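Any read-out appearing in this document is the output of simple, stated calculations on the displayed coordinates, not a laboratory observation. These numbers were taken from a predicted model, which means no experiment stands behind them. For neighbour counting, all protein chains shown are included, and Cβ atoms are generated from backbone atoms with ideal geometry for every residue, glycine included.
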Amino acid sequence: MTLMAQRDYILRLIEEMGTALIALRNAILRGGATPAEVKATLRQATSAAGMELELARAVAVEALPSMVAPSGEVEPARCWVLAEALMTDGVDRLQQGQPELARSSFAKAAVLFKLVAPWGAYLTGFPEAEERIAEIEEWLDSIHP
């Protein structure tokens, strides 16, 4: 596989994961997502983005930037998918009555979207990082201490 073909494949995979996460979040908000479906989709998406779901949940928010961009260079599409997965995890945890876990996932998603914001993720038809950051701020404001 040529480098260009490999990049196209990765972008298609990332776009598929983004679409799946948006659909999952909508299903969660409608009450139509099973816990198994949520877990499987989040695991698949975080894995496609190069990180395991449990690690993404467990790592300190301050450590995320160096984990997703160890060389200092952000891969926007993968970073966007990981951020989208953590945002979806936050919505699910909020719906499950776990506000502190939701707050943690939202905070991590915001950090990742901020890494992507200067360049965009080059994903056609998906919201830009600034839109997602604004959504996350609304979610965080809705969580009462």
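Worth pointing out:
- Correct choice for mean projected area of the Cα convex hull in nm² that was computed from the model, options (1) 8.7; (2) 10.0; (3) 11.7: (1)
- Peptides 63-76, 97-110, 80-93 ordered by average Cβ neighbours within 10 Å, highest first: 80-93, 97-110, 63-76
- Across the stretch 27-32, rounded Karplus estimates of 3J(HN,Hα) from the backbone phi angles (6.51 cos²θ - 1.76 cosθ + 1.60, θ = phi - 60°) give 5, 4, 5, 7, x, x Hz, Gly and Pro being marked x.
- Tilt relative to the chain, helix 35-48 - C-alpha long axis, 0 to 90 degrees, to 10: 30 degrees
- Relative to the longest principal axis of the Cα atoms of the chain, the long axis of helix 99-116 makes an angle of roughly 30 degrees.
- Charge tally in the Cβ shell below 13 Å around Glu52, where Lys, Arg are +1 and Asp, Glu are -1, Glu52 excluded: +1
- Phi angles of the stretch 69-81 translate, via the Karplus equation with coefficients 6.51, -1.76, 1.60 and θ = phi - 60°, into HN-Hα couplings of 9, x, 8, x, 9, 7, 8, x, 5, 5, 5, 4, 5 Hz per residue; Gly and Pro are given as x.
- When +1 charges are put on Lys and Arg Cβ atoms and -1 charges on Asp and Glu Cβ atoms, the dipole computed for the stretch 1-61 relative to its Cα centre reaches about 140 debye.
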